[in-house]
Amino acid sequence: MYSLSILVGALGLLLNSVGAIDVDWTSDSSIKSAASTIAYGLVKYYTGNNTGDVPGNLPDPYYWWEAGAMFGTLIDYAAFTGDKTYNDITFQALQHQVGDDADFMPSNQTKSEGNDDQGFWAMAAMTAAEMNFRNPDPDKPQWLALVQAVYNEYVGRWETDDCGGGMRWQIYTFNNGYNYKNSVSNGCFFNIAARLAKYTGNETYAEWANKIFEWEQSVKFINDNWNVLDGAGNANGENCTKINGAQFTYNAGLFLYGTAAMYNHTNGAEPWKTRLEGQAKSVASIFFQDGVMWEPSCEKTPAKCNTDQQVFKGHLSRWMALTSIIAPITADTFMPLLKSSAQAAAKVCTGPASSDYKGPDGTACGFSWLDKTFDGITGVGEQMNALQTVMAPLVHLAQAPYTSETGGSSQGNPNAGATDSEKIKQPKPITTADKAGAGILTALALGGLLSGMWFVFIDEK
Ligand SMILES: *[C@@H]1O[C@H](CO)[C@@H](O)[C@H](O)[C@H]1NC(C)=O
Ligand SMILES: *[C@@H]1O[C@H](CO)[C@@H](O)[C@H](O)[C@H]1NC(C)=O
Ligand SMILES: *[C@@H]1O[C@H](CO)[C@@H](O)[C@H](O)[C@H]1NC(C)=O
Ligand SMILES: *[C@@H]1O[C@H](CO)[C@@H](O)[C@H](O)[C@H]1NC(C)=O
Ligand SMILES: *[C@@H]1O[C@H](CO)[C@@H](O)[C@H](O)[C@H]1NC(C)=O
């Protein structure tokens with residue numbers, strides 16, 4: 001009887017898993033096939049390459065930054081798996097969104113664009129350079145030059161009037177969050193400065209990376225336990241003292257991977273070694289429960305993660321995986337966590353095809369991996385998190401991120417970026433109509449990256 005019930009149980013499991021994504025975790029090709037199913041379900045959300053649609057945009061409710069994040073993910077997906085299916089749409093999208101000044105500030109987005117939004121597109125371009133993604137024609141903006149443009153504009157937005165430095169979250173005064181300095185915007189700046197240092201060998205970038213990191217520590221956005229906290233207000237004399245201490249996976253990932261790049265750039269020297277080890281320990285303790293990654297600020301309590309927050313986790317996975325390559329001292333800690341998370345993530349990709357999910361029936365990924373059952377939450381974020389995590393164990397198959405010394409072919413321009421100081425630092429005088437338009441955009445869109453945070457603010461009051 002005993003063995004019969006086991007048999008029946010096993011049969012039941014088999015039947016249940018029809019349509020689910022079954023993976024043999026000892027087989028790279030099986031993992032690739034799982035990643036390919038998840039990527040297919042992800043890209044089904046994208047309509048930007050349809051006739052009449054705008055390349056690079058995701059449909060509502062996904063904001064522009066998330067599309068940038070998705071194309072960065074797809075470049076690494078191609079590098080990790082060898083599957084180039086999405087290279088054409090990725091190339092088209094990244095080039096379409098460069099904007100008139102080749103700095104990822106396209107006019108359709110500018111009014112509601114924050115430093116972090118621009119940063120996620122810049123990091124996708126950095127990934128393109130590092131992975132030797134197809135180079136644009138010589139008369140078009142090159143990946144490296146695009147990143148340098150954003151970097152140069154960030155330098156112009158560094159502000160020492162309060163908080164001893166730092167960039168604001170928003171670029172423009174009329175957007176919510178202008179009076180907030182935060183880890184995501186400064187983390188994007190840090191991440192690209194560090195990766196530019198590693199890629200080009202130019203020490204100016206390395207000096208800025210160090211300056212940004214030290215500033216984050218000085219205002220305690222990076223605290224003594226190497227935890228990365230969200231940010232603080234800089235108006236009304238607050239001077240970044242009232243810290244919003246929420247911790248998010250992607251903030252930790254931004255600083256972790258930038259630190260790994262600096263660690264590598266300095267050949268493992270201090271202070272980067274200590275910074276890297278500290279952050280590795282912090283990440284492993286804050287963002288994992290029984291070996292499964294989660295988003296502690298909103299996954300279970302006190303509220304549900306919003307659309308933006310639903311896509312943070314995957315970035316930590318991908319950046320941990322890449323960190324284990326450029327800073328192999330972290331591999332023994334990170335790879336087991338990534339593998340157990342990958343298994344948990346794949347287990348919850350069992351949701352049905354629906355009006356939301358257009359991938360194969362039984363393969364929609366849920367949001368939380370902790371309970372190992374599909375929680376009914378689907379979308380671009382859920383697919384992207386699962387993709388970046390399921391493909392993480394394949395990172396060793398990819399070429400380690402190139403630098404200009406090891407064969408990276410992207411052409412740079414250290415002086416790229418807008419010369420218009422108003423565009424860099426502050427808004428042009430705006431009309432009432434502009435303002436109204438932006439207000440609506442703000443309400444809709446700028447919930448943006450941080451608005452996820454507003455509930456935290458409310459809770460604290
Ligand atoms: C858009 O790209 C997807 C993924 O590569 C492809 O399947 C689809 O056919 C493309 N659509 C058009 C209209 O070209
Ligand atoms: C801006 O929006 C217009 C109208 O939707 C569209 O035709 C154009 O392609 C967009 N430009 C960019 C760079 O997204
Ligand atoms: C504001 O904060 C910075 C950084 O912590 C500090 O150096 C500066 O003295 C502070 N200014 C005031 C007026 O408290
Ligand atoms: C730097 O990265 C390369 C991979 O690109 C790796 O082989 C090397 O060990 C790393 N350096 C250090 C100090 O870890
Ligand atoms: C290094 O980067 C800085 C900052 O962008 C730039 O001014 C300088 O020209 C660069 N040096 C070289 C040799 O490219």
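The values are calculated or read from the model by the stated rules, or taken from the named source; none is laboratory data. Predicted, not measured: the structure shown is a model, and the values here were computed from it. Cβ: placed from backbone, ideal geometry, glycine included. Neighbour counts: every protein chain shown.
Among the candidates Pro55, Pro59, which residue alone is touching a His at 6+ places or on another chain (Cβ under 9 Å) and modelled with pLDDT of 95 or more?
Only one candidate passes the filter, namely Pro55.
In region 126-146, how many residues are outside any loop (DSSP other than H, G, I, E, B) and either among the basic types (Lys, Arg) or closer than 16 Å to Leu322 by Cβ (or both)?
5
Would you mention how many residues in region 274-302 are assigned to a helix (DSSP H, G or I) and of a type in the set (Lys, Arg)?
Going through region 274-302 one residue at a time, the tally reaches 2.
Which numbered condition in (1) out of contact with any Asp or Glu (no Cβ under 8 Å at 6 or more places or on another chain); (2) crowded, with 20+ Cβ neighbours inside 10 Å is the only one that Thr406 fails?
Answer for Thr406: the failing condition is (2).
What are the pairs, 6+ residues apart or on separate chains, where a residue within region 328-357 that is among the aliphatic types (A, V, I, L, M) has its Cβ under 9 Å from a residue that is within 16 Å of ligand 1 (Cβ to nearest atom)?
From region 328-357, the pairs are Ala345/Ile38; Ala345/Leu387; Ala346/Ile38; Ala353/Gly359; Ala353/Pro360.
Whether any residue in region 189-206 is closer than 23 Å to Gly233 by Cβ and either out of contact with any Asp or Glu (no Cβ under 8 Å at 6 or more places or on another chain) or small (Gly, Ala, Ser) (or both) is what I want to check.
Yes.
Can you work out which of the residues in region 303-325 that are closer than 20 Å to Tyr63 by Cα and in a loop (DSSP other than H, G, I, E, B) is farthest from the chain's Cα centre (by Cα)?
Lys304
Check whether at least one residue in region 159-171 is buried (at least 24 other Cβ atoms within 10 Å of the Cβ) and within 16 Å of ligand 5 (Cβ to nearest atom), and report yes or no.
The answer is no, given that none of the residues of region 159-171 is buried (at least 24 other Cβ atoms within 10 Å of the Cβ) and within 16 Å of ligand 5 (Cβ to nearest atom).
From the list Gly237, Gly253, which one is in contact (Cβ under 8 Å) with a residue 40 or more places away in the chain and of a type in the set (Gly, Ala, Ser)?
Residue meeting the stated conditions: Gly253.
Can you pull out the residues in region 56-80 that are away from ligand 1 (no atom under 13 Å from the Cβ) and either among the charged types (D, E, K, R) or under 15 Å from Asn132 (Cα atoms) (or both)?
Result: Asp60, Glu66, Gly72, Thr73, Ile75, Asp76, Ala79, Phe80.
Do any residues in region 49-72 that are over 21 Å from Glu382 (Cβ atoms) and β-branched (Val, Ile, Thr) have Cβ atoms under 6 Å from those of residues that are modelled with pLDDT of 95 or more and within 13 Å of ligand 1 (Cβ to nearest atom), where the two are at least six apart or on different chains, and which pairs are they?
So the pair list comes out as Val54/Gly48.
Please count how many residues of region 239-267 are buried (at least 24 other Cβ atoms within 10 Å of the Cβ) and outside any helix (DSSP H, G or I).
Final tally of qualifying residues: 1.
Quick check on Lys347: is it within 16 Å of ligand 1 (Cβ to nearest atom), in contact with a Lys or Arg (Cβ under 8 Å, 6 or more places away or on another chain) and modelled with pLDDT of 95 or more?
no
Need pairs with beta-carbon distance below 7 Å; first residue of a type in the set (Gly, Ala, Ser) and within region 146-168, second in a helix (DSSP H, G or I) and modelled with pLDDT of 95 or more; sequence gap 6+ or separate chains.
Gly164/Trp215; Gly164/Ser218; Gly165/Trp215; Gly166/Asn186; Gly166/Trp215
Criterion first (closer than 23 Å to Leu316 by Cα, more than 16 Å from ligand 4 (Cβ to nearest atom) and either touching a helix residue (DSSP H, G or I) at 6+ places or on another chain (Cβ under 9 Å) or not in a loop (DSSP other than H, G, I, E, B) (or both)) does Gly99 satisfy it?
no
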